[in-house]
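A single structure is presented below for examination.
The values are calculated or read from the model by the stated rules, or taken from the named source; none is laboratory data. These numbers were taken from a predicted model, which means no experiment stands behind them. All Cβ positions, glycine included, derive from the backbone under ideal geometry; neighbour counts span all protein chains shown. The area values use the complete protein model at the heavy-atom level, side chains included, leaving out ligands, DNA and RNA. Shrake-Rupley method; radii C 1.70, N 1.55, O 1.52, S 1.80 Å.
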Amino acid sequence: MSPTQLIFDLDNTLYPPSRGVVARVDARIDRYLIERLGMAPETAGPLRARYRDAYGTTLNGLMRHHAVDPDDYLTAVHEIAVEELLTPDAVLGAMLAALPQPKAVFTNGSAEHAERVLSCLGVRAHFAHVFSLESVAYVPKPERVAFETVLARLGVDGPACVFVDDRPENLATARTLGMRAVLVGERALADGTPLDGAIASIHDLASLLARP
Ligand SMILES: [Mg+2]
C-alpha cells in the first residue's frame, strides 16, 4: 500500500480494549441514562448498545429520540481518569514518527477526550489533525457524510487514504469512498467485512503498509 494520508480511529484502535477506557466510558453512559434521563438500570446498558449499533454512537440515538444536548452528554460521559489507564506508548510513537505520510485522528468521541488520550499515549505531536464528534456536527461514523467532511477538511480523496479502525461498520463506509480499510484488534479475523488489511495491534501497521 502507498497511501498519501493515514486516518486513525482513536479508542480501541491506538490502544487495545484491555486498557479499559471504553468500558469506563460505557459505565458513564449508563449512569447518564439512569440519572439524567430516568431510565431503569436494567434498560440502560441494552439501550446504549442498541443505539450504538443502530446510529454509530449512543449519543446519535439520544439526540434523535430523547433531545439530549450533545455537549452536556459528551462532557459527562468522558469524565474518566484516562491517565490511570493509558501510559506513553514508545513503540507506537516510534512507528508513527517513521511513517512519512501525514496523519489524522477521526474519532466518535469528544475533542477533549481525544486530546487526553493522545497526550496520555505520548503521541499527540504525530497528528496534524484531530477530528472529533464536534468536527462532524455530531453525525458519527459510520455515516458517509462524516467521512466526506473529514476528507474535505484534509483536502484529499478517499483512494489516497488508509483508514484504520476497530469497528467493521466504519471500515465498510470508508471502503465505499475508496479508502483502503485496515481493521485492528481481536475482531480482525472474525468478521466477514471486506478489508484491505487486518492487524491484531496498531503496532503492526508499518509492516502492513510496507507490503507491496
Ligand atoms: Mg474505536
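Using the crude model of +1 on Lys and Arg Cβ and -1 on Asp and Glu Cβ, and no other charge, please compute the dipole size for region 21-77 relative to its Cα centre, in debye to 20.
For this selection, approximately 120 debye.
Sticking with the crude label model, points 7 Å out along Cα→Cβ, report the distance from A97 to H66 in nm, one decimal please.
4.4 nm
Could you give the accessible area per residue of the chain, probe 1.4 Å, as a whole number in Å²?
44 Å²
Additional query: For the full complex of protein chains and a 1.4 angstrom probe, list S110, S119 by accessible area with the highest value first.
Values: S110 5, S119 75 Å².
So the residues, ranked largest to smallest area, are S119, S110.
Can you tell me how region 21-77 classifies by the Cα gyration tensor, rounded, prolate or oblate, using a/c under 1.5 as the rounded cut?
Rounded, because the longest to shortest axis ratio a/c is under 1.5.
Does the chain classify as rounded, prolate or oblate by the C-alpha gyration tensor (a ≥ b ≥ c root eigenvalues; a/c under 1.5 gives rounded; else a/b over b/c gives prolate, otherwise oblate)?
Here the chain falls in the prolate category.
Mind listing the long-range amide H neighbours of F106? Cut-off is under 5 Å, sequence gap 5 or more, other chains count too, H placed in the peptide plane at 1.01 Å from N.
Answer set, sorted by chain and number: F8, D9, L10, F131.
In the chain, carbon and sulfur make up what percent of the accessible area (probe 1.4 Å)?
Its accessible area is 54 percent carbon and sulfur atoms.
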